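The values are calculated or read from the model by the stated rules, or taken from the named source; none is laboratory data. This is a predicted model, so every value here is computed, not measured. Please note: Cβ atoms are built from the backbone with ideal geometry, for glycine as well, and neighbour counts cover all protein chains shown.
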Amino acid sequence: MAESRPYVKNVAPAKLELLITIVHAEKVRYYTNLIQEEAGVNLQLTSQASGTSEKAIMNYLGLNQSTRTAIFSIIREDKIKDTLELLDEKFNTIKDGGGIAVTVPLSSIIGTLVYGFLSNDKRTIKQ
């Protein structure tokens with residue numbers, strides 16, 4: 001009989017949020033790696049992005065190139081401040097590295113194991 005892995009109950013130390021980062025398509029790999037390393041993100045999705053904003057607004061945000069990519073990352077609430085500050089720094093210091101990042105709170109995450117994976121909480125599975 002295979003040994004089952006017990007898990008720890010009540011492991012929700014921090015709420016989860018969806019971090020949406022829009023960057024130049026050429027920089028998407030850099031930013032996905034940066035977010036993963038800085039915030040310990042386990043799940044990121046990317047998608048080509050386009051919008052209807054006026055050209056002046058896009059230039060102001062540093063998104064004046066035509067190809068953009070949206071990065072969707074599940075991030076713990078306690079990692080948001082440091083991650084957004086780091087992204088802001090990189091948006092302002094990397095050549096053609098401009099972008100924008102916002103967060104949206106998530107609710108109704110069901111299940112200890114799902115929460116543990118999304119929050120990169122190693123306490124959910126004992127080995």
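In the set 27, 15, which member is touching a Ser or Thr at 6+ places or on another chain (Cβ under 9 Å), at pLDDT below 90 and surrounded by 14 or more Cβ atoms within 10 Å (Cβ to Cβ)?
Just one listed residue meets the conditions, 15.
Working only within region 71-119, note down all residues that are out of contact with any helix residue (DSSP H, G or I) (no Cβ under 7 Å at 6 or more places or on another chain), assigned to a loop (DSSP other than H, G, I, E, B) and either among the hydroxyl-bearing types (Ser, Thr, Tyr) or farther than 24 Å from residue 57 by Cβ (or both).
Within region 71-119, 106, 107, 108, 110, 111, 119 meet the criteria.
Pairs please, first residue from region 108-127 and over 16 Å from residue 18 (Cβ atoms) and modelled with pLDDT under 70, second anywhere and charged (D, E, K, R) and in a loop (DSSP other than H, G, I, E, B), Cβ atoms under 6 Å, 6+ apart in sequence or on different chains.
That search, which allows pairs on different chains as well, returns 125/5.
Could you give me the residue pairs with C-beta distances under 9 Å whose first residue belongs to region 79-104 and is without any contact (Cβ under 8 Å) to a residue 12 or more places away in the chain, whose second residue is assigned to a loop (DSSP other than H, G, I, E, B) and surrounded by fewer than 17 Cβ atoms within 10 Å (Cβ to Cβ) wherever it lies, and which are 6+ apart or on separate chains?
none
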